[in-house]
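Read the structure below first, then the notes.
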């Protein structure tokens, strides 16, 4: 266990990337795609090994709170924090930092997205221990960067600056700058330059994060300050606080923690990155799922009952019915009781746009469930 440390799991996704399997009430982190356990449970179990159950918090939106509590029955109810509405990651992480400081003013805070996949848990633990050590010694914002396997255009990249040396064999660098979701040519160039994927996993002192929010994002800091004054020693889950939190959230901007804090702090030399390799993916699309699954000799992979005849490089999810692929290439087929997706595997990043189009065309009921 890492002493003086809280793990904060961010679990507020809208359930659009994996339609029709995922819906707004059953987002990606509740899906069991790559193992018999949901991505949320996999994330929580990794978190328990870092700071323990009592020091693991989950932040979600109010409409998902019941489902997440049922999924993580082993976690104390007081460790679930509910946002009244999603406002991207900066308000969300700020709210969690407020609760961490309330419990322990000196605590470190590990931020973990709920929907990531990690193949090598021991390497993951070593990396997070090294990150906590850096955060404790230097009082910097620590990002976990991943050595790229290929030029992914759906990820952000961290351009490395001056090296700090290695801790337990894990190299650390100043973060020179961040680049969001580059085009393929730029992604290849960043990869050649040794840049890292931005995993969205962070470590810092909770009090330091609140201090930097006050400097760079005063509108968020004012709202958090009002919420903190209303807590008066009680948990943020107290029913009387919900109206206060809702009121303050309405005034907060919707902004990611990267834009809100990491980029301006990085320009002041306050951000470090670890170069990690623990078999990571943010499972951001059906193509990413296909990449991680065991495949047959023709590159096909799937869950459920399916058969490929002359099919190549396809992904199938069909738990209820037999699906036969005849001569298809680079296809994704996802079969659910009320909706069927058949598409180009290479365009699976566009599923999010597809969900918005369904709503425009009057098929919004198929995005909820």
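Please treat every number below as a calculation from the coordinates, not as lab data. What you see is a predicted model; the values in this text were computed from it and never measured. We place every Cβ from the backbone using ideal geometry, glycine too, and count neighbours over all the protein chains shown.
Taking a ≥ b ≥ c as the square roots of the eigenvalues of the Cα gyration tensor of the stretch 274-369, is the shape rounded (a/c under 1.5), prolate (a/b larger than b/c) or oblate? Because a/c hits 1.5 or more and a/b fails to exceed b/c, the stretch 274-369 counts as oblate. Between 210, 134, 309, the GNM of the chain built on Cα springs shorter than 10 angstrom shows 309 fluctuating the most. In plain terms, the residue of 338, 277 with the fewest other Cβ atoms within 10 Å comes first and the most crowded comes last, giving 338, 277. Take every DSSP beta bridge whose two residues both sit in the stretch 5-281; close to 55 percent of them are antiparallel.
Name the residue, out of 306, 286, 117, whose mean-square fluctuation peaks in a Gaussian network model built on the chain with Cα pairs under 10 Å. Checking each option, the largest mean-square fluctuation is seen for 306.
The computed Cα Rg over 2.2 N^0.38 Å for the structure shown corresponds, within (i) 1.32; (ii) 1.00; (iii) 0.96, to (ii). Centre-to-centre, using Cα atoms only, the stretch 96-161 and the stretch 238-287 are separated by 12 Å. Highest average first, the peptides 295-302, 329-336 ordered by how many other beta carbon atoms sit within 10 Å of their residues are 329-336, 295-302. Listed by Cβ neighbour count within 10 Å, with the fewest neighbours leading, 122, 312 appear as 122, 312. Restricting to bridges with both residues inside the stretch 286-367, how much of the DSSP beta-bridge set is antiparallel, in percent to the nearest 5? The antiparallel proportion sits near 30 percent. Using just its DSSP H runs of length 4 or more, each adding -39500 (n - 2.57), the chain gives a mean residue ellipticity at 222 nm of -9500 deg cm²/dmol after division by all residues. Please determine, in degrees from 0 to 90 and to the nearest 10, the orientation of helix 121-138 with respect to the longest principal axis defined by the Cα atoms of the chain, where the helix direction is its Cα long axis. For helix 121-138, the angle is close to 30 degrees. Annotation: the residues 363, 157, 259, sorted from fewest to most other C-beta atoms within 10 Å of their own C-beta, follow the order 363, 259, 157. Given axes a ≥ b ≥ c from the Cα gyration tensor, I'd like to know whether the stretch 318-358 is rounded (a/c under 1.5), prolate (a/b larger than b/c) or oblate. Here the stretch 318-358 falls in the oblate category. Compute the helix-to-body angle for 351-360: its Cα long axis versus the longest principal axis of the chain, expressed 0 to 90° and rounded to tens. The answer is roughly 90 degrees.
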